[in-house]
Amino acid sequence: MSTQQKRLDVICIGRIAVDLYGQQIGARLEDMSTFSKYLGGSSGNVAYGTAIQGLKSAMLARVGDEHMGRFLREELQRVGADTEYLITDKERLTGLVLLGIKDQDTFPLVFYRDNCADMGLKPDDIKEEYIASARAVAVTGTHLSHPDTRAAVLKALEIARRNRLRTALDIDYRPVLWGLTSLGDGETRFIASQHVTQQLQEVLHYFDLVVGTEEEFHIAGGSTDTLTALKNVRQASKATLVCKRGAMGCVVLEGEIPDRWEQTKLQSGVQVEVLNVLGAGDAFMSGLLRGWLNDESWEQACRYANACGALVVSRHGCAPAMPTKAELDDFLSRDKEVSRPDLDLRLNHLHRVTTRKQLWPELCVFAFDHRKQLLDMASEAGVDSSRLPVLKQLLLHAAEEAATEAGLANRSGILADTTYGQPALNAITGKGWWIGRPIELPGSRPLRLEHGNIGSQLVDWPLEHVVKCLIFYHPHDDAALRQEQDELILDVWKGCNKTGHELLLEVILPESNPDKKESYYLDILRHFYSLGIQPDWWKLPPLSLESWQAISPLIEQQDPYCRGILILGLDAPEEKLRAGFAAAAKAPWVKGFAVGRTIFSQPSRQWLQGELDDRTLINEVKNNYLRLINAWRAERPTT
């Protein structure tokens, strides 16, 4: 099988676990009150990091048959990493790591890895056909510490050698995982051990590339003098050695090891403000493998590696902090200008939009986030508002039936509120639907948030829920009103960036102003972009073809990563919406619709008044929704 025919670039073998990162920066691990859950483990991070750098990577390991194992599998699959041999272990749990960030160089860390799933890897798990389907194998040192995992790794390396694959080792020395420290001391990075040195040196000859920090080469070479240790490693291996030297950068050693550092060429690192060094090594390895496996120069490969490491040390976490290819390339095009990547707006926006978890090529959204309108209906019918949560669950049932009939897989969505729609939100979350939730106080102008500060709201939201904010805005509002609304929308935008939630910004010209030129929508979007607000989604009323043709290049220029525009309904009759769909048919930024009262208004009123039973309500709402889906698709057929 030639290089060009290989279906995989690199298979990663080693640790994969769940990282639980304490969120309170500067606190002791004892005092952490909340944790963020990330994919972790050295090999898992590298499989993830190489995938988002554009390589066809794979993870060969074991995970538990439980929620954390499924989380790791889904995270890798989401970025395109192959998980065919990420084996589900029926007897062991997925490993966990608890971490804190005290300061730049202090990271209390506890490994929960007693008989964990990834240490259950055995030689029978290694299949020659699978290993041979890749161009390279990358392993980490931890799996050389236990007889079973060591045998599995050696089998993979033997197969790799037979099939002329490239082989890489990240020494990844963790003394606690070799049994050299107390179980709670995961932070210690170096303890001299002749046993570990011997275990490493016995396998060094298998590798074409060996990567480590100075301390990791100390253990591999059996000396605390780095150059001496490197010379000892060279005696055991002809591999290219890449020695990481912290903020200075790294050194690539392909031949004999010199006697002085001055005789080596330093591949200089990127200078950034360090939050914490944890995770930088896995990011470094991901960037290095990108360059090495694409046959770029060592200078370029080290540029990738150093920059990846620099970005991760400035952020929280490891895998989720790693840059995508688009982000890394942008950073390297101007790295001399960016000393604080964590504060760089362009870089952070690129990281936000190129790490999204799901694509939405089209969206047909049923919006029943209405509160005031439905409360008024209940009042007119003389029924208590406690009926509204029941109604919204029936509306969701109708939406699901319609989506199934229309074949809306990965294209369906709802807008629902927490006031009356929380049971519906709970029921649909996790099913792969687009889910939006309103935050505005209904009808407020100037804008007010219904449940207070945006940060205090989003801390409890599932990450898949999209923040929907409706603002009544006019470009000719008085300056004080505009400023007040601008400041609140800016705060909402910053809050979404902090938590990682997407933002849908719905803009409607206020009824109180009779001046409603369509061209004002272009002015409003241009204004919000000028404030630095880049919503993931826009929600706008049906507009003319000319208006869409004016808005489209603005989005293309200001944010080519925008998810798109959804057409709102405003209780318009179906005929008017159909005309709006037709006008938007040639506007690719319009991805679909988010319509509510046109679908549910009349049936809901009749149900509240006792004129319809549950099944009839569901059928009528479903049919109304289906007609709109069909009307949209008649103008914009799916591909």
| remark: Scanning the range 383-408 residue by residue, those outside any helix (DSSP H, G or I) and among the aliphatic types (A, V, I, L, M) turn out to be V383, L408
| Any idea which of A587, A631, A583 is within 24 Å of I555 (Cα to Cα) and assigned to a helix (DSSP H, G or I)? | A583
| Residue check, T94 in a loop (DSSP other than H, G, I, E, B) and out of contact with any Leu (no Cβ under 9 Å at 6 or more places or on another chain) | no
| task | Among the residues of the range 174-207, write down those that are of a type in the set (K, R) and buried (at least 17 other Cβ atoms within 10 Å of the Cβ). | result | R174
| said: Let me confirm something: among F217, F284, which residue is under 30 Å from Q23 (Cα atoms), at pLDDT 90 or above and not in a loop (DSSP other than H, G, I, E, B)? | reply: F284
| query | Restricting the range 292-341 to residues that are among the basic types (K, R) and touching a residue at least 40 places away in the same chain (Cβ under 8 Å), which is farthest from T167 (Cα to Cα)? | reply | R340
| query | What number of residues in the range 460-485 are closer than 24 Å to L415 by Cβ and either not assigned by TED's automatic domain parsing to the domain that holds P510 or not hydroxyl-bearing (S, T, Y) (or both)? | reply | 15
| request: Within the range 145-155, count every residue that is in contact (Cβ under 8 Å) with a residue 40 or more places away in the chain and touching an Asp or Glu at 6+ places or on another chain (Cβ under 9 Å). | output: 1
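Can you go through V590, V621 and tell me which one is closer than 29 Å to S385 by Cβ and either surrounded by fewer than 22 Cβ atoms within 10 Å (Cβ to Cβ) or touching a helix residue (DSSP H, G or I) at 6+ places or on another chain (Cβ under 7 Å) (or both)?
That would be V621, the only listed residue that is closer than 29 Å to S385 by Cβ and either surrounded by fewer than 22 Cβ atoms within 10 Å (Cβ to Cβ) or touching a helix residue (DSSP H, G or I) at 6+ places or on another chain (Cβ under 7 Å) (or both).
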| query | Which residues, taken from the range 124-176, are of a type in the set (A, V, I, L, M, F, W, C), touching a Lys or Arg at 6+ places or on another chain (Cβ under 7 Å) and closer than 18 Å to G95 by Cα? | reply | L144
| note | Taking the range 532-547 and keeping residues outside any loop (DSSP other than H, G, I, E, B) and closer than 24 Å to R597 by Cα leaves W537, W538, K539, L540
| What are the residues in the range 454-476 that are in contact (Cβ under 8 Å) with a residue 24 or more places away in the chain and in a loop (DSSP other than H, G, I, E, B), if any? | V459, W461, P462, L463, E464, Y473, H474, P475, H476
| field | Single match in V233, V210 (criterion: more than 30 Å from the chain's Cα centre (by Cα), surrounded by 20 or more Cβ atoms within 10 Å (Cβ to Cβ) and modelled with pLDDT of 95 or more) | value | V233
| said: I want to confirm something. Restricting to the range 498-511 and keeping residues that are touching a residue at least 60 places away in the same chain (Cβ under 8 Å) and surrounded by fewer than 16 Cβ atoms within 10 Å (Cβ to Cβ), which single residue is farthest from P535 (Cα to Cα)? | reply: P510
| From the options S412, S385, residue that is surrounded by fewer than 20 Cβ atoms within 10 Å (Cβ to Cβ) and small (G, A, S) | S385
| query | Here are some conditions: (1) within 17 Å of L570 (Cα to Cα); (2) buried (at least 22 other Cβ atoms within 10 Å of the Cβ). V492 meets all but one. Which one does it not meet? | reply | (1)
| Of the criteria (1) closer than 23 Å to Y561 by Cα; (2) surrounded by fewer than 21 Cβ atoms within 10 Å (Cβ to Cβ); (3) touching a residue at least 40 places away in the same chain (Cβ under 8 Å); (4) not hydrophobic (A, V, I, L, M, F, W, C), which one P541 fails | (3)
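The values are calculated or read from the model by the stated rules, or taken from the named source; none is laboratory data. Here the structure is a predicted model, which means the values were calculated and not measured. Cβ coordinates were reconstructed from backbone atoms using ideal geometry, including for glycine residues, and neighbour counts include every protein chain displayed.
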